[in-house]
Amino acid sequence: MNRETALRLAIKNALENVSEANSPNIFRMVHNRNGKVIPRGYRIVENKIIKKVINHNMAISEALPQLEMELDLR
């Protein structure tokens, strides 16, 4: 498994733990009202997390709350 695939898999696993209670902004970007994943929203969130991991040397567990806070400020 290459690094990109491993990173995307780790992000997928982290996003599976996102709920409306712990990260409402990310949850709403990634899921529709029925709780189904929205592919476009998922890709946007995934790409934002990848940029934080690569450009800011963040762990995924650090990037998620940072992204949630940024989305909250919008």
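Every read-out reported here was derived from the displayed coordinates using simple, explicitly stated rules and does not represent laboratory data. Values in this document were obtained by computation on a predicted structure and should not be read as measured data. So basically every Cβ, Gly included, is an ideal-geometry build from the backbone, and we count neighbours across all protein chains shown.
Quick rundown of the values:
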quantity: Residue count for the stretch 56-73, restricted to those that are touching a residue at least 24 places away in the same chain (Cβ under 8 Å) and either more than 17 Å from residue 9 (Cβ to Cβ) or of a type outside the set (S, T, N, Q) (or both); calculated: 7
quantity: First in the stretch 44-55 and closer than 13 Å to residue 7 by Cβ, second anywhere and surrounded by fewer than 16 Cβ atoms within 10 Å (Cβ to Cβ) and of a type outside the set (Phe, Trp, Tyr), Cβ under 7 Å, 6 or more apart; calculated: 46/8; 52/66
quantity: Where a residue in the stretch 14-38 is in contact (Cβ under 8 Å) with a residue 40 or more places away in the chain and its partner, wherever it lies, is aromatic (Phe, Trp, Tyr), with Cβ under 6 Å and at least six apart; calculated: 18/27
